[in-house]
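The values are calculated or read from the model by the stated rules, or taken from the named source; none is laboratory data. None of these values were measured; they are calculated from a predicted model. For neighbour counting, all protein chains shown are included, and Cβ atoms are generated from backbone atoms with ideal geometry for every residue, glycine included.
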Ligand SMILES: [Zn+2]
């Protein structure tokens, strides 16, 4: 019987490969009367979660809604949109994209009337590799995403800048630091609300993905982000953070760098790093198996390059 069910399931999933969802419920956290965090899962996009792994900040402006990030693909964005509709009937007029990783922007296609704003590097990556990003999202989720096409941001923010903007009556600062999680991260600071949305420059309860970044520079960016008087921080993935969580994350990242650098300095091998790290701390965070090996080799290579 079990085998029959298995065969039937295989046949059905072959016949309907594009069915997405049902997704985990959107966790809605009210930060104040006009700012809400919509929190998703903390795994990598996969067949089980259908790609719904996103945190989206919703800012209710006087002429429409501003979002930070857009979800992994169209159907995930529709799921998020239903949660936004429960908060306001107003349309989404602007979407700010924190970086080029596909889980943060492929949902843009569900907001065709919105103005999309991102860093120069992020916009270029989407323009050049958007189709490849859709293909990779399909591989990760096992879905056929024929309804999802990349959207290249129309408004581009220069790298290494801090730009104030007023959108729909809301004051925002768009911060595009030097390399951290990627070469083109954008953080969104709401000075009147004390809210900072960091994209994956900060994650909470999840192993960070250092693969496209530079940890030494990332630590510097964390240092300056930590100086902002934010009371609530929305990370790219995971629960909302308080200043103490930011300090913890900084310390964890710094300890990683210090350990790899020490092993390298002592003439050890890359394989020695695991023995020296406080692995128990990292194992508690999701995506450990997937990311730890790659993170060690990324930082090892970074330190080797710096010491060359
Ligand atoms: Zn990312």
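Within the stretch 68-100, the residues that satisfy the criterion of being assigned to a loop (DSSP other than H, G, I, E, B) and surrounded by fewer than 24 Cβ atoms within 10 Å (Cβ to Cβ) are 86, 87, 88, 89, 90, 91.
The condition of being away from the ligand (no atom under 16 Å from the Cβ), touching a helix residue (DSSP H, G or I) at 6+ places or on another chain (Cβ under 9 Å) and within 19 Å of residue 109 (Cβ to Cβ) does not hold for residue 178. Total residues in the stretch 26-41 satisfying the condition of being at pLDDT 95 or above and part of a loop (DSSP other than H, G, I, E, B): the figure is 4.
In this structure, is residue 234 within 16 Å of the ligand (Cβ to nearest atom), in a helix (DSSP H, G or I) and within 29 Å of residue 26 (Cα to Cα)? Here the answer is no, as residue 234 does not meet what is asked. If you check 168, 214 for being surrounded by 15 or more Cβ atoms within 10 Å (Cβ to Cβ) and within 16 Å of the ligand (Cβ to nearest atom), only one passes: 214. Annotation note: of 246, 206, the sole residue that is within 16 Å of the ligand (Cβ to nearest atom), over 22 Å from residue 303 (Cβ atoms) and in contact with a strand residue (DSSP E or B) (Cβ under 7 Å, 6 or more places away or on another chain) is 206. Within the stretch 108-135, the set of residues being in contact with a helix residue (DSSP H, G or I) (Cβ under 6 Å, 6 or more places away or on another chain) and either in a loop (DSSP other than H, G, I, E, B) or within 14 Å of the ligand (Cβ to nearest atom) (or both) comprises just one member, 133. Per the listing 176, 171, the residue uniquely within 22 Å of residue 35 (Cα to Cα) and within 17 Å of the chain's Cα centre (by Cα) is 176. When the strands (runs of 3 or more DSSP E) confined to the stretch 143-223 are screened for residues that are under 30 Å from residue 256 (Cβ atoms) and modelled with pLDDT of 95 or more, those reaching at least 3 such residues are found at 170-176, 187-190, 195-199.
Scanning the stretch 212-233 for residues that are in contact with a helix residue (DSSP H, G or I) (Cβ under 8 Å, 6 or more places away or on another chain) and over 18 Å from residue 197 (Cα atoms) returns 213, 214, 215, 216.
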